[in-house]
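Values quoted throughout were computed directly from the atomic coordinates according to the rules given, and no laboratory measurement underlies them. Predicted model, so just to flag it, every value in this text is computed and none were measured. We place every Cβ from the backbone using ideal geometry, glycine too, and count neighbours over all the protein chains shown.
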Amino acid sequence: MEIETSRIVEILRSRKLVDGQTHNFYYYPARFSPELAKEIISTFSSTGDWFFDPFMGGGTSIVESLALGRYAIGVDINSLAWFVTLGKTTPLTSSDHSQLQEWASNNEFDHPEICPSLSIAELTKHFPNHFLIFLDGVLQSTKDIKSQRAKRLARAAILKHIRAS
């Protein structure tokens with residue numbers, strides 16, 4: 001097997017912004033370049049091979065593996081890593097899309113006073129009550145989405161939006 005190290009070094013030195021696939025869906029701390037993951041996976045495996053990532057984090061290598069036609073297994077102790085990676089890699093049906101569009105168009109998220117209070121002691125120490133009321137209302141609004149795939153994506157979108165705020 002011939003390994004083109006110059007291409008890997010070039011990618012390691014790159015300052016290119018992360019884009020493509022679902023990589024911008026959620027900014028996971030300590031993520032690495034999708035371009036590097038793609039290069040390493042394509043160099044060391046072939047279509048139809050299995051890829052294993054024992055510390056999958058935000059799922060960069062899992063997303064790239066699947067995009068390159070590999071089977072992928074990812075493991076992580078962090079439940080957020082599981083949530084983010086499932087959101088990035090679960091294909092949605094047209095029914096899922098419809099449910100998400102209906103959910104988004106039927107909810108107003110600008111009125112925290114209409115939402116019930118969220119009272120988790122650890123959260124109340126770190127966040128103002130009006131924010132927790134708002135967050136609880138937004139999360140509760142996903143309860144009527146029937147598809148688990150669509151519900152997961154809606155909650156991940158909420159997480160991304162709140163993290164970006």
| query | Ratio of segment 1-89's C-alpha Rg to 2.2 N^0.38 Å, to two decimals? | reply | 1.06
| query | If we sort 93-100, 129-136, 54-61, 43-50 on the protection proxy, mean other Cβ atoms within 10 Å, highest first, what's the order? | reply | 54-61, 129-136, 93-100, 43-50
| remark: Within the under-14-Å Cβ sphere about F51, not counting F51, Lys/Arg +1 and Asp/Glu -1 give a net charge of -2
| Dmax and Rg, reported as Rg then Dmax, of segment 46-88 (C-alpha, Å) | 9.8, 30
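Where the only charges are on Cβ atoms (+1 Lys, Arg; -1 Asp, Glu), what is the dipole of segment 1-89 about its Cα centre, to the nearest 20 debye?
In debye, rounded to 20, segment 1-89 gives about 260.
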| query | When the chain is fully extended, how far beyond the present Cα-Cα distance does Q140 get from K16, taking 0.36 nm per residue of separation? | reply | 40.9 nm
